[in-house]
Amino acid sequence: MNAGAYGGEIKDVLISSTYLNENYELVEIKNEDHEFKYRDSIFSKKDWIIIESKFKVQYGNKEEIENKRNENMNSRIEKQPLDKPNAGSTFKRGEDFITAKVIDEVGLKGYKIGGAMVSEKHAGFIVNYDNASAKDILDLIEYVKKRVKEEKNKDLQLEVLIIGD
């Protein structure tokens, strides 16, 4: 789905992927055939299973790379709810708004349904704070989307993929 952070995305370093198609055939495609967009690729629309991907190795100064890695990790620790189970950023960035900011402005930071909660640290994350069921999480996602639409007239798009019923 073209994951990304800190100015980079999978599309920037991917060479190719091999996947299993609906006919159980192995198919290899190059980077440009992935149809990468923001948090999207051809694999978001197909029932294919990625078997292998090849990535470019980026060489550089070991100390600089370690410093950058540590800086990024510290930023994540400071800004994201890594202390609670979650699926990462729940909603995509808005085209003309910061998603976490509008969720916070609506007053939903810390809002709970069952064991699911809008993170108190970063409103763009839904966390499992107390043995949440899938229903708790899905109900909370729908509630957040509804409230943001009603109060801010903004449509939230999911970054996570919901599989199954």
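The values are calculated or read from the model by the stated rules, or taken from the named source; none is laboratory data. This is a predicted model, so every value here is computed, not measured. A quick note on method: Cβ atoms are made from the backbone with ideal geometry, for glycine too, and the neighbour counts reach across all protein chains shown.
Among (1) over 21 Å from residue 39 (Cβ atoms); (2) aliphatic (A, V, I, L, M); (3) without any contact (Cβ under 8 Å) to a residue 24 or more places away in the chain, which single condition is residue 163 missing?
It fails just one condition, (1).
List the pairs whose first member sits in the range 67-85 and is under 18 Å from residue 119 (Cβ atoms), whose second member is among the hydroxyl-bearing types (Ser, Thr, Tyr) and at pLDDT 95 or above, and whose Cβ atoms are under 6 Å apart, counting only residues at least 6 apart or on separate chains?
Within 6 Å, the pairs are 81/119; 84/129.
Checking the condition at pLDDT 95 or above, surrounded by 15 or more Cβ atoms within 10 Å (Cβ to Cβ) and touching a strand residue (DSSP E or B) at 6+ places or on another chain (Cβ under 6 Å), which residue from 143, 129 passes?
On inspection, the qualifying residue turns out to be 129.
Taking the conditions exactly as written (touching a His at 6+ places or on another chain (Cβ under 7 Å), hydroxyl-bearing (Ser, Thr, Tyr) and closer than 29 Å to residue 146 by Cα), does residue 41 satisfy them or not?
Yes.
Which strands (runs of 3 or more DSSP E) does the range 8-64 wholly contain that include 3 or more residues that are within 21 Å of residue 162 (Cα to Cα), without any contact (Cβ under 8 Å) to a residue 60 or more places away in the chain and under 20 Å from the mean Cα position of the chain (by Cα)? Show your work before the answer.
Details: elements: 14-20, 26-30, 49-55.
It comes to none.
So if I check each of 84, 46, 11, 56, which one is at pLDDT 95 or above and exposed (fewer than 13 other Cβ atoms within 10 Å of the Cβ)? Let's see the steps before the verdict.
On the way: 84 fails: exposed (fewer than 13 other Cβ atoms within 10 Å of the Cβ); 46 fails: at pLDDT 95 or above; 11 fails: exposed (fewer than 13 other Cβ atoms within 10 Å of the Cβ).
Exactly one of 84, 46, 11, 56 is at pLDDT 95 or above and exposed (fewer than 13 other Cβ atoms within 10 Å of the Cβ), namely 56.
Which of the residues spanning the range 133-165 are of a type in the set (Val, Ile, Thr), in a helix (DSSP H, G or I) and under 18 Å from residue 114 (Cβ atoms)?
Within the range 133-165, 137, 141, 144 qualify.
How many residues does the range 122-144 hold that are without any contact (Cβ under 8 Å) to a residue 40 or more places away in the chain and aromatic (Phe, Trp, Tyr)?
The qualifying residues number 1.
How many residues are farther than 22 Å from residue 1 by Cα and in a helix (DSSP H, G or I) if we restrict to the range 74-101?
6
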